[in-house]
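Enquirer: I have a structure I would like to understand better, so I am pasting it below and will then ask my questions one at a time.
Read-outs throughout are calculated quantities, based only on the coordinates presented, and are distinct from any laboratory measurement. Being a predicted model, the structure only gives us computed values, none of them experimental. Methodologically, a virtual Cβ is constructed for each residue, glycine included, from the backbone with ideal geometry; neighbour enumeration extends over all protein chains shown.
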Amino acid sequence: MEIHGFAAETFRVGALMELSGGGAPWGIPSLRGLELMAEKINGEGGIRVGDKKYLIELVKADDKSNFDTALAQANRLIFDEKVTYINGPIISGCVLSILPVTEANKVIDMNYAVSPKVLGPDKPYSFRLYPAVRECMQGVFIYLSKSRPDVKTVALIGPNDESGWGNSKLAKEMAKEVGVEVIFEDFVQRGTTDFFPVLTKMVAKKPDALIPHAVPGGETALILQQSYQLGYRKMVITPSHYDPKTLVAKVGTEAAEGFIFMSPDWNGPTATPAMREVFKRYEEKYKEKFDPIIGPGYPQLHVLKMAIEKAGTFDTTLVMKTMENLEGEMPYGRFSMGGMKTYGAKRQIVYPIFLSQIKRGVQVGLGSVTPPVP
């Protein structure tokens, strides 16, 4: 391969994603984020190690949103394709299924799992290079305390499983820290279509804000629609990412009005130049409307490039030790690594989290907050 007429070698990175199955709506745009960043890095000369330059080649694999398939594909990437760096998976169970083999073989895994179990002192090669649920939930309460001091009480609704219970526990801890009272908490089965019973009880409590958490886009749309039908007109805010255009199309402009979620206004006044650039490149490359779920995946190869170049080697142990203390600039602002107190290891990236609000059917950026991850 060549860079500007000069010979370049290849650096292969595994991209183990949910490209089919239930996780595909997250896996496909995350892969596209990697593709766009790989193209950007390669176009700017690749990764320099010593006196050589290396172009990134993504070795793609589909875990089909299945734990056993994820492990089989990880084994293929490591033993057949000889990769020593893997980006993904997204589903926590898929990540937990591959970590024994990645750790045993000193393969750095940069995953997207929400479970805190994917990080820890016993998993030195596992990194999370995006803000997960804990960090985004912190972002909700930092925003409320700084920008909406009128919100004194909140209601929590989440799925009746480990994700919902854990998120609700986090929310109650963080609400207490900023002086907000949780006056309603309930859990629903995944796949619920009738939220009227739980929402009727919630509305009766008259909370200043409703926080649906760990709830997929389709169910969030139903919560917005049905709470509106019950006359609830106060804030609805979530620590999750959604495509606002899809949401408005499902629930209508009036029911979506004022909804706050975790996502930059990628092409608006609060976006960074890098965000506007990726917005444009995405639509040019894929010939479709921009998918904001690309967000977590886009900067990860940028951070990896910085770690490799600073370490001066591809050796995963040296890169791992470099990455845990890495800090600098990335597409969304300044970043550093945290998590020693929270997760037992400095493997959680810390960078600005952007919030947006739907106003008159259009996404409007609210700026950003940077949650601490001690």
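Enquirer: Could you give me the ³J(HN,Hα) list for the range 148-158, computed from phi with Karplus coefficients 6.51, -1.76, 1.60 and θ = phi - 60°, whole Hz, x at Gly and Pro?
Expert: With coefficients 6.51, -1.76 and 1.60, one gets 9, x, 6, 7, 9, 9, 9, 10, 10, 9, x Hz.
Enquirer: Where Lys and Arg each count +1 and Asp and Glu each count -1, what net charge lies around P149 among other residues with Cβ under 14 Å from its Cβ?
Expert: Combined, the nearby Lys, Arg, Asp and Glu give 0.
Enquirer: Could I ask something else about it? Could you list D291, D68, D186 in order of exposure, starting from the residue whose Cβ has the fewest other Cβ atoms within 10 Å? Could you put the intermediate results ahead of the total?
Expert: On the way: D291 21, D68 11, D186 17.
So the residues, fewest neighbours to most, are D68, D186, D291.
Enquirer: Among bridges DSSP assigns within the chain, what percent are antiparallel (round to 5)?
Expert: 40
Enquirer: What does the charge dipole of the range 163-223 about its Cα centre add up to, to the nearest 20 debye, if the Cβ of each Lys and Arg holds +1 and the Cβ of each Asp and Glu holds -1? Let's see the in-between values first.
Expert: Details: 7 positive and 8 negative charges, 17 e Å.
Result for the range 163-223 is approximately 80 debye, rounded to the nearest 20.
Enquirer: Classify the range 208-358 as rounded, prolate or oblate, taking a ≥ b ≥ c as the square roots of the eigenvalues of its Cα gyration tensor: rounded when a/c is under 1.5, otherwise prolate if a/b is larger than b/c and oblate if not.
Expert: prolate
Enquirer: Here's another thing I want to ask about it. About its Cα centre, how strong a charge dipole does the chain have in debye, to the nearest 20, once Lys and Arg get +1 and Asp and Glu get -1 at the Cβ?
Expert: Computed about the Cα centre, the dipole is about 720 debye.
Enquirer: Here's a follow-up. Given a Förster distance of 25 Å, report the FRET efficiency between K234 and K176 from their Cβ-Cβ distance, rounded to the nearest 0.05.
Expert: My answer for the efficiency is 0.75.
Enquirer: How large is the helix-only mean residue ellipticity at 222 nm for the chain, computed as the sum of -39500 (n - 2.57) over DSSP H runs with n ≥ 4, divided by its residue count, in deg cm²/dmol to the nearest 500? Could you put the intermediate results ahead of the total?
Expert: Numbers: 13 runs with 146 residues, N = 374.
Result for the chain: -12000 deg cm²/dmol, rounded to the nearest 500.
Enquirer: If you put +1 on each Lys and Arg Cβ and -1 on each Asp and Glu Cβ, how big is the dipole of the range 260-306 around its Cα centre, in Debye rounded to 20?
Expert: Its charge dipole is roughly 140 debye.
Enquirer: Additional query: What residues from the range 42-73 fall in the zone where the backbone N is under 20 Å from a label point 7 Å along the Cα-to-C-beta line of D80?
Expert: The answer is 57-73.
Enquirer: Need one word for the chain: rounded, prolate or oblate. Basis is the Cα gyration tensor (sqrt eigenvalues a ≥ b ≥ c); a/c below 1.5 gives rounded, then a/b vs b/c decides.
Expert: Values: a/c = 1.87, a/b = 1.69, b/c = 1.11.
Here the chain falls in the prolate category.
Enquirer: Compute the long axis of helix 300-311 from its Cα atoms, compare it with the longest principal axis of the Cα atoms of the chain, and write down the angle in degrees, 0 to 90, nearest 10.
Expert: The helix 300-311 is inclined about 40 degrees to the chain.
Enquirer: Quick one: which residues, 5+ away or cross-chain, put their amide H under 5 Å from the amide H of L156? H built at 1.01 Å from N.
Expert: Close amide H contacts, sequence-distant or interchain: F184, E185, D186, I211.
Enquirer: For D109, what charge total do you get from the other residues with a beta carbon under 12 Å from its beta carbon, if Lys and Arg give +1 and Asp and Glu give -1?
Expert: On the way: positive: K106, K123, R128, R347; negative: E103.
Here the charged neighbours net out to +3.
Enquirer: Continuing with the same structure: Lys/Arg Cβ at +1, Asp/Glu Cβ at -1, dipole of the range 207-288 taken about the Cα centre: which of G268, G231, A256 is farthest positive-ward?
Expert: Farthest along the dipole direction, towards plus: G268.
Enquirer: Still on this model: How far apart, in nm, are the 7 Å Cα→Cβ label points at E277 and D315?
Expert: Label-label distance for E277 and D315, simple model: 3.2 nm.
Enquirer: Compute the acute angle (0 to 90°) between the alpha-carbon long axis of helix 24-43 and the principal axis of greatest extent of the alpha-carbon atoms of the chain; round to the nearest 10°.
Expert: 40
Enquirer: Once label points are set 7 Å from the Cα along Cα→Cβ at both K341 and K245, what is their separation, rounded to one decimal in nm?
Expert: 4.2
Enquirer: When the Cα centres of the range 257-331 and the range 225-244 are compared, how far apart do they sit, in Å?
Expert: Cα centroid to Cα centroid, the span is 28 Å.
Enquirer: Apply the a/c threshold of 1.5 to the C-alpha gyration tensor of the range 24-79 and tell me whether it is rounded, prolate or oblate.
Expert: Taking the square roots of the gyration eigenvalues as a ≥ b ≥ c, the range 24-79 is oblate.
Enquirer: Roughly what angle does helix 196-205 make with the longest principal axis of the chain, taking Cα atoms, 0 to 90 degrees, to the nearest 10?
Expert: Once rounded, one gets 70 degrees.
Enquirer: Can you compute the modelled spin-label distance between D161 and K206, with each label point 7 Å from Cα toward Cβ, in nm?
Expert: About 3.7 nm, to one decimal.
Enquirer: Still on this structure: Say we join alpha carbon atoms closer than 10 Å with springs in a Gaussian network model of the chain; which of G297, G191, G166 then has the biggest fluctuation?
Expert: So, out of G297, G191, G166, the one fluctuating most is G191.
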